[in-house]
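The values are calculated or read from the model by the stated rules, or taken from the named source; none is laboratory data. Since this is a predicted model, take the numbers as computed values, not measurements. Quick reminder, even Gly has a Cβ in these numbers, built from the backbone with ideal geometry, and neighbours come from all protein chains shown. Each accessible area value is taken on the protein alone, full model and side chains, heavy atoms only, with ligands, DNA and RNA left out. Shrake-Rupley method; radii C 1.70, N 1.55, O 1.52, S 1.80 Å.
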Amino acid sequence: MKLMIQPGESVAPLIKAINNAKSRIEIAIFRFDRVDIERALTSAVSRGVFVHALIAYTNRGGEKNLRKLEMRLLAAGVTVARTADDLVRYHGKYMIVDRKELHLLAFNFTHLDIDRSRAFGLIIRNPKIVQEAAKLFEADTKRQPYVPSNGAFIVSPVNARKQLASLIKSAKKELIVYDPEVSDPAMTRLLEERAKAGVQIRIIGRLTPKSGGIEVKKLEGMRLHTRTIIRDRSQAFIGSQSLREVELGSRREVGLIFRDSKIVAALIKTFEEDWAKVQTAQPAAEETEPATKVAKKVAKAVAKELPAVTPVLEGIVREVVGADGDIDLDPLAVEESVKDAVKEAVKEAVRDVVESVVEMNGVGH
């Protein structure tokens, strides 16, 4: 197993693997703007390699680019499949070469993620893990249920919550974490319990809500994209899923829990270097002012265009209750449920749009 650290290694390991492929390449794509990788894939087709691309059905703000990518790849002879729309997102990114080597990535195939973001990837040759990834790829291309058979291979929403919770619970001395947003209530409680038990916890990213027993700092000088956990300096997780409710329970995310002393040491070294440079995660006024301006303008525009809620709500209530009205609904319970659902939907939409705009304009950390 080998570790890729971004920024730094860029696309060289990926293109080398594509160029060395003998029989087949299977690649799962969420975001993609790398012409160099696209050229390598089309070159592989021209020399007789079967290239199968699984492309996300959506990535809010970038669907047109995904559909254009599909057409270009099809024209080049790539076999293209599109994910189902049963989950909020198909956010996993990985590549399997000759069913012998898995490139499991915590970054997209984009300039922003690879050149200007802290991210990691793994090159894995363990036959059992590669086989498990191939099984997931086949299930998703055929739109069939995926049934896990390897607890180290972490797939949302199937086994991620259980396996990551177990990893956190097993910490005895230390947890170090890269995560853009730790906000899942159950996972946050587990972290707080470990902190109370004397485990030192440091997070580069964001923790919501904040906890007094956990140190949190903001990455400086670059954007944070990786999701990584290191337990007691002996075991690690790298993947696409944050400790966030939607990424654990409503999206396709892919990662790996593993033990490899050299890779864990390299992850710790990178974390410590980043930690030494970062600031406590409390944005200064000059940092928050542009975000506040954007937020106010967006809120005003959304409110202006917001459709009438009453007809929508009435129609759905009639549908649920039925013509006979034989189901009792608690108005307060409905109100709270609607508020929570809308809040989560808006948060998800804003997050994806901001990420898309940042990628398209090359701004941000």
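Yes/no matrix, rows are residues, columns are (1) modelled with pLDDT of 95 or more; (2) among the hydrophobic types (A, V, I, L, M, F, W, C):
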position	(1), (2)
151	yes, no
157	yes, no
184	yes, no
187	yes, yes
211	no, no
Worksheet item: How many residues, within the range 222-243, are surrounded by fewer than 24 Cβ atoms within 10 Å (Cβ to Cβ), among the basic types (Lys, Arg) and under 12 Å from residue 180 (Cα atoms)?
Response: 1
Discussion item. Suppose we filter the range 225-278 for residues that are of a type in the set (Asp, Glu) and more than 19 Å from the chain's Cα centre (by Cα); how many remain?
Written reply: 5
Response to the item:
Exception for residue 36 within (1) out of contact with any helix residue (DSSP H, G or I) (no Cβ under 9 Å at 6 or more places or on another chain); (2) part of a helix (DSSP H, G or I) falls at (1)
Discussion item. Tell me the residue from 15, 5 that is crowded, with 17+ Cβ neighbours inside 10 Å, outside any loop (DSSP other than H, G, I, E, B) and not small (Gly, Ala, Ser), please.
Written reply: 15
Item to complete: Check whether at least one residue in the range 98-117 is among the acidic types (Asp, Glu), under 18 Å from the mean Cα position of the chain (by Cα) and open to solvent by 10 Å² or more (accessible area, probe 1.4 Å), and report yes or no.
Response: yes
Item to complete: Kindly indicate whether any position in the range 74-96 is under 22 Å from the mean Cα position of the chain (by Cα), over 18 Å from residue 143 (Cα atoms) and among the polar types (S, T, N, Q).
Response: no
Practice prompt. Select from the range 160-180 the residues that are assigned to a loop (DSSP other than H, G, I, E, B) and open to solvent by less than 20 Å² (accessible area, probe 1.4 Å) and list them in ascending order.
Written response: 171
Practice prompt. Scan (1) open to solvent by less than 40 Å² (accessible area, probe 1.4 Å); (2) part of a helix (DSSP H, G or I) for the single condition residue 123 breaks and write down its number.
Written response: (2)
